[in-house]
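A.B. asks: I have a structure here, written as structure tokens, and I will follow up with some questions on it.
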Amino acid sequence: MTDSEQADVELLWQEFHATVNMTSEELRTWLLTDASGETAMPADPRLELPDLGTKVVRLLRKRKVDLTPDDLAVMERVADYVAERKANPPADGERDDEWRHSLMNVGHDPLKPG
């Protein structure tokens, strides 16, 4: 990997970890709850799990040196998704909880301080 590529990975790593403000365990627990909505992880682990949230849980448990190109794509996708959703919060009268849940499903709790 070139110095430029390493610098890009470092920037993405920092952006991802600044964006995802839930720990892997917090996100895993959230995805297992009924409160996270129709994309909640089922109790039976053999059933299909929510793709993006599950990938974020795995990414949060990885070291930077172990990242794959697919991991980098997921990190970028999550950072972009959260930035887009935060730029378009619900208008008065809309469902704030649905907006928040959509962000929490990828590891960002907009109500969490910090």
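A.B. asks: Any residue in the stretch 8-31 that's part of a helix (DSSP H, G or I): show its pairings with residues that are hydroxyl-bearing (Ser, Thr, Tyr) at Cβ separation under 7 Å, as long as the two are six or more apart or on different chains.
C.D. replies: Cβ pairs passing all conditions: Trp30/Ser36.
A.B. asks: Within the stretch 4-51, take every residue that is at pLDDT below 85 and among the acidic types (Asp, Glu) and give me the one that is nearest to Val106 (Cα to Cα).
C.D. replies: So, considering only residues that are at pLDDT below 85 and among the acidic types (Asp, Glu), the one nearest to Val106 (Cα to Cα) is Asp51.
A.B. asks: Within the stretch 14-34, track down each residue that is of a type in the set (A, V, I, L, M, F, W, C) and surrounded by fewer than 16 Cβ atoms within 10 Å (Cβ to Cβ).
C.D. replies: Ala18, Leu32
The values are calculated or read from the model by the stated rules, or taken from the named source; none is laboratory data. Please read these numbers as outputs of a predicted model, since none were measured by experiment. Cβ atoms come from the backbone with ideal geometry, glycine included; neighbour counts cover every protein chain shown.
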